[in-house]
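J.: Got a structure for you, questions after.
The values are calculated or read from the model by the stated rules, or taken from the named source; none is laboratory data. Predicted model, so just to flag it, every value in this text is computed and none were measured. No Cβ is skipped: glycine too gets one built from the backbone with ideal geometry, and neighbour counts run over all protein chains shown. All accessible areas refer to the heavy atoms of the entire protein, side chains included, with ligands and DNA or RNA removed. Shrake-Rupley method; radii C 1.70, N 1.55, O 1.52, S 1.80 Å.
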Amino acid sequence: MSRSGTSGALSPVRIRGMESSSATAGVSTRREATRQKLYEAAVTLIAEQGFSATTVDEIAERAGVAKGTVYYNFASKSVLFEELLRHGVGLLTASLREAAERTARDGGTKVDALDAMIRAGLVFIERYPAFTQLYVAELWRTNRAWQSTLMVVRQQAVAVVEDVLRAGVAAGEFSDEIDVPLTASALVGMVLVAALDWQSFQPERSLDDVHAALSRLLQGRVSGRSTS
């Protein structure tokens, strides 16, 4: 996915490129493809004009399906958006977990695992910037019907980082004085905020460049290693 070259502009969204981690064998390929198109249409429209201003008719038109198809797959616009959040954050969580597991298989340290997770987060956000903007915006709202769902899926993503931190403390790689829940939340927040700033205000910087900057911060602040 290409990034926007102007501040505040949205890049094209390709939610249909996401692989659903919750799809069951009983869900047909055709229906799953339709749901992916609806995810893509919804995230694009809501990013452009907001949730309240976006109608089911517009989502259906953008997805190239009949209005009834939206209601066949989702009971309402709110349910569609809730499932979109669950779907997207689930993919981010899977990306973070896979990065940690791959590092462990390769014999890396827990700091290496955290660093790999930072990169995985940046890759995800570069690919789906509009979704990430929606997710971060929704974290600040407390009057949404899907708020409890959002808190659950957010915690699932943070918990992956917590697991690595706890393992690092147990192995003596990190200080036992680390506040694991707060540090995990801070690392996830750092990646989200830094990446959105990158996408919106510093699009000329490469992913490698942004990752290197965050990696230096990680090495100095979490691992306790000095940076030169």
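J.: What helices (runs of 4 or more DSSP H) completely inside the stretch 74-175 contain at least 3 residues that are open to solvent by 60 Å² or more (accessible area, probe 1.4 Å), out of contact with any strand residue (DSSP E or B) (no Cβ under 7 Å at 6 or more places or on another chain) and modelled with pLDDT of 95 or more?
T.: Result: 77-105, 110-127, 147-170.
J.: Would you please name the residue that is least open to solvent (accessible area, probe 1.4 Å), looking only at residues in the stretch 192-211 that are of a type in the set (A, V, I, L, M) and at pLDDT below 95?
T.: Ala195
J.: Quick one: which of Thr149, Thr132, Thr142 is touching an Asp or Glu at 6+ places or on another chain (Cβ under 7 Å) and either among the polar types (S, T, N, Q) or touching a residue at least 12 places away in the same chain (Cβ under 8 Å) (or both)? Can you show your working first?
T.: Values: Thr132 fails: touching an Asp or Glu at 6+ places or on another chain (Cβ under 7 Å); Thr142 fails: touching an Asp or Glu at 6+ places or on another chain (Cβ under 7 Å).
Being touching an Asp or Glu at 6+ places or on another chain (Cβ under 7 Å) and either among the polar types (S, T, N, Q) or touching a residue at least 12 places away in the same chain (Cβ under 8 Å) (or both) holds for just one of Thr149, Thr132, Thr142, which is Thr149.
J.: With respect to Leu192, determine if the residue is part of a helix (DSSP H, G or I) and farther than 20 Å from Gly88 by Cβ.
T.: no
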